[in-house]
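What follows is a single structure, written as structure tokens, with notes after it.
The values are calculated or read from the model by the stated rules, or taken from the named source; none is laboratory data. All values derive from a computational prediction rather than experimental measurement. Glycine also receives a Cβ, built like all others from the backbone with ideal geometry; neighbour counts cover every protein chain displayed. Heads up: the accessible areas ignore ligands, DNA and RNA and are worked out on the full protein's heavy atoms, side chains in. Shrake-Rupley method; radii C 1.70, N 1.55, O 1.52, S 1.80 Å.
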Amino acid sequence: MPAQIAPPDYEPAAHVRKVCQGGWFSFKGRNINCSKAFVGRAIALRATTTDGLFDLCYRKHVLGRVDLTHNLVKPVHHVPEQVFTMSPI
């Protein structure tokens, strides 16, 4: 195991923000709540095909969707919560 995990390397088109104390970050003049679990970490907002809608990501994982037209942060529900076949559980 590495002593420290390397910081994420996001693509140039992503809007990268650092999550502040309390789980907040600023994007396009708005303060958006993410999660306290990401305090001090870099997250990325990736534009979608819908105007004003961004995927909120940590590394390659989509955490939610930020809708700037309605000032909403929507959770993502399509994440599989299945035990992997290699799991010892």
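Pop a pseudo-label 7 angstrom from the Cα along the beta-carbon direction at both HIS15 and LYS36 and give the gap in nm to one decimal.
In this crude spin-label approximation the distance works out to 2.6 nm.
Below 13 angstrom from the Cβ of ILE5, what's the summed charge of the other residues (Lys, Arg +1; Asp, Glu -1)? Intermediate results must be reported in sequence, preceding the final value.
Numbers: positive: ARG41, ARG59; negative: ASP9.
Local net charge: +1.
Once fully extended, how much extra length lies between ALA3 and TRP24, figured as 0.36 nm per residue of separation less the alpha-carbon to alpha-carbon distance?
Extending this stretch completely gives an extra 4.8 nm.
Please work out how much accessible surface CYS34 shows to a 1.4 Å probe, ignoring ligands, DNA and RNA, in Å² rounded to 10.
30 Å²
Skipping prolines and chain starts, which residues have an amide H placed within reach, meaning under 5 Å, of the one on PHE27, given they are 5 or more residues away or on another chain?
Amide H neighbours of PHE27: ILE32.
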